[in-house]
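Note sheet for the following structure.
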Amino acid sequence: MNKMSYLNAINIGEIARPASTLDFSGSPGSFPLARYDLAKIRNVIGRDEIRRGPASIWRYWMLLPADNPAAAITMGEGYTPLVELRALGHQHLWLKDEGQNPSGSFKDRGASVGFTRYRELGVTALALNSTGNASAAWALYAARAGIRCVSFLPFDGQESTRKQCSLAGGEIHFVQDWPNVGSLVARECKAHGWLNVSALREPYRIEGKKTLAYEIAEQFDWRLPNAIVFPTGGGQGVLALYKGFQELRELGWITDPDPKLIITQYAGCAPITKAFRENQDKCEPWGAIDILSGGMKSPNPVSGPAILALLRRTRGTAVAVTNEEALAAESEMCRAEGVFICPEVATTLVGVRKAVESGAVAENDRVVLIGTATGLKSLSHVRDPMA
């Protein structure tokens, strides 16, 4: 990997800040995005360059915000398999199996890029709130980077996350009032001088996650599927995915239109789905949360307006899935295909079926389910058929 960066600036709404900034503040509802000199990349690098790279997200080094990609904080995250699913009733169906990442989830992509960039910028301590997988990933990569990591977790989170954080030496604070955790983390970061890397508070988690788009395109020989089903809580992964598709299109590496976006949320915490069904442009804060412990616990996502716009632009849809439906789908996918995924991922199978029923997805559409994490993350939910 070359020692070079094509990163131009950090854009926060209409504000452009230098690429070296750590000031990610902006107007309410805005979030920072990294921008690149895509015209220059297009003139000097082609798709063939990718094939010579490592089997990780860093094969796309020219589209990642590192001054020295050769010194990346990496454990081989990314380049996960696209598994064809033939026994679940849909003609053309694949699972992007992110459970094979080092910590067991797709959050490793953002952690690798984030820590690589923050170590370059001299950050020594950071903090985030997470329902689980992001904190686990960031604690593990923090150990590798030698940077202090403070995690704010819900009391009812998965034991696997707590153990990954604690074994990696991360600091953990448990929070009872989860709907207001964002403001708590912001206050603590200001008081202690920590960098706030919670979802959409900084630009580099998106940069890591957008490599999902690059890989899907490359694995389909630079074509795109007709639809993508993404289990959605905070929604950062969704925004990252479509940022990646946009960059590939601007580079001239793909020509297909964006896939239809199908998001799934638990019925007990579905603010984006509710807003979509009611034809609203923004989400209202969700009330009482009634979902399985783990991810997708975002009662008032900052990403709401942007995801609602994406759903409508791509002619997609949003699907609410009950806890029971998710657990049944988890069991079915394991029995029929041998894939051991968490309940959050299982909502995508329910989602594609409901999308076909509603006409949002055609029976012969090529559909990719984003398998955000392994079932090993959520063993407390697994139903034992021998019991």
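The values are calculated or read from the model by the stated rules, or taken from the named source; none is laboratory data. On a predicted model such as this, the values are computed, not experimentally measured, just so you know. Neighbour counts are summed over all protein chains in view; Cβ atoms, including those assigned to glycine, are modelled from backbone coordinates with ideal geometry.
Within segment 113-137, count every residue that is touching a Lys or Arg at 6+ places or on another chain (Cβ under 9 Å) and closer than 21 Å to Asn68 by Cβ.
6
Just give me the residues in segment 128-155 being touching a Phe, Trp or Tyr at 6+ places or on another chain (Cβ under 9 Å) and of a type outside the set (A, V, I, L, M, F, W, C), in sequence order.
Result: Asn129, Ser130, Thr131, Asn133, Ser135, Tyr141, Arg144, Arg148, Ser151, Pro154.
Of the residues Ala127, Ala87, only one is crowded, with 19+ Cβ neighbours inside 10 Å and outside any helix (DSSP H, G or I); which?
Answer to the check: Ala127.
Just a yes or no: is a residue in segment 37-48 of a type in the set (A, V, I, L, M), closer than 20 Å to Tyr242 by Cβ and part of a helix (DSSP H, G or I)?
yes
Among the helices (runs of 4 or more DSSP H) lying completely within segment 165-281, list those that include at least 3 residues that are farther than 30 Å from Glu49 by Cβ. It would help to see each step written out before you state the result.
Numbers: elements: 181-192, 204-209, 211-219, 236-251, 271-277.
Once the helices (runs of 4 or more DSSP H) in segment 165-281 are filtered for at least 3 residues that are farther than 30 Å from Glu49 by Cβ, what remains is 181-192, 271-277.
Please verify whether segment 93-102 includes one or more residues that are more than 19 Å from the chain's Cα centre (by Cα), within 27 Å of Cys342 (Cβ to Cβ) and at pLDDT 95 or above.
The initial filter retains those residues of segment 93-102 that are more than 19 Å from the chain's Cα centre (by Cα), namely 93.
This time we only want the ones that are within 27 Å of Cys342 (Cβ to Cβ), so: 93.
Imposing the further condition that a residue be at pLDDT 95 or above reduces the set to 93.
The answer is yes; a qualifying residue exists.
From the list Glu171, Glu218, which one is touching a strand residue (DSSP E or B) at 6+ places or on another chain (Cβ under 6 Å) and of a type outside the set (A, V, I, L, M, F, W, C)?
Glu171
Just checking, does segment 314-323 include any residue being at pLDDT 95 or above, part of a helix (DSSP H, G or I) and more than 26 Å from Glu215 (Cα to Cα)?
Going residue by residue through segment 314-323, those that are at pLDDT 95 or above are 314-323.
Now narrow it down to the ones that are part of a helix (DSSP H, G or I): 323.
Next cut, more than 26 Å from Glu215 (Cα to Cα) only: 323.
For segment 314-323, residues at pLDDT 95 or above, part of a helix (DSSP H, G or I) and more than 26 Å from Glu215 (Cα to Cα): present.
Examine segment 353-364 for a residue that is buried (at least 18 other Cβ atoms within 10 Å of the Cβ), in a loop (DSSP other than H, G, I, E, B), on the phi < 0 side of the Ramachandran plot and basic (Lys, Arg), and state whether such a residue exists.
Checked segment 353-364: no residue is buried (at least 18 other Cβ atoms within 10 Å of the Cβ), in a loop (DSSP other than H, G, I, E, B), on the phi < 0 side of the Ramachandran plot and basic (Lys, Arg).
Out of all the residues in segment 99-110, which are within 19 Å of Arg144 (Cβ to Cβ) and surrounded by 21 or more Cβ atoms within 10 Å (Cβ to Cβ)?
Asn101, Ser103, Gly104, Ser105, Phe106, Lys107, Asp108, Arg109, Gly110
Considering Leu121, Leu64, which residue is under 30 Å from Val229 (Cα atoms), modelled with pLDDT of 95 or more and either among the aliphatic types (A, V, I, L, M) or more than 23 Å from the chain's Cα centre (by Cα) (or both)?
Criteria check complete, one pass: Leu64.
Filter segment 27-46 for residues that are modelled with pLDDT under 95, surrounded by 16 or more Cβ atoms within 10 Å (Cβ to Cβ) and of a type outside the set (A, V, I, L, M, F, W, C) and give the result.
Within segment 27-46, Ser30 is the sole residue that qualifies.
If a residue must be surrounded by fewer than 18 Cβ atoms within 10 Å (Cβ to Cβ) and farther than 22 Å from Lys107 by Cβ, how many such residues does segment 281-313 contain?
11
Any residue at all in segment 107-117 that is of a type in the set (Phe, Trp, Tyr), within 19 Å of Ile206 (Cα to Cα) and under 14 Å from the mean Cα position of the chain (by Cα)?
No - not one qualifying residue is present in segment 107-117.
Looking at Leu95, Leu7, can you tell me which residue is surrounded by fewer than 23 Cβ atoms within 10 Å (Cβ to Cβ) and touching a residue at least 40 places away in the same chain (Cβ under 8 Å)?
Result: Leu7 is the single residue among Leu95, Leu7 that is surrounded by fewer than 23 Cβ atoms within 10 Å (Cβ to Cβ) and touching a residue at least 40 places away in the same chain (Cβ under 8 Å).
Can Thr80 be described as modelled with pLDDT of 95 or more, farther than 26 Å from His192 by Cβ and in contact with a strand residue (DSSP E or B) (Cβ under 6 Å, 6 or more places away or on another chain)?
Considered against the rule, which asks whether it is modelled with pLDDT of 95 or more, farther than 26 Å from His192 by Cβ and in contact with a strand residue (DSSP E or B) (Cβ under 6 Å, 6 or more places away or on another chain), Thr80 comes out as yes.
Looking at (1) assigned to a helix (DSSP H, G or I); (2) over 19 Å from Gly359 (Cα atoms), which is the only condition Leu292 fails?
(1)
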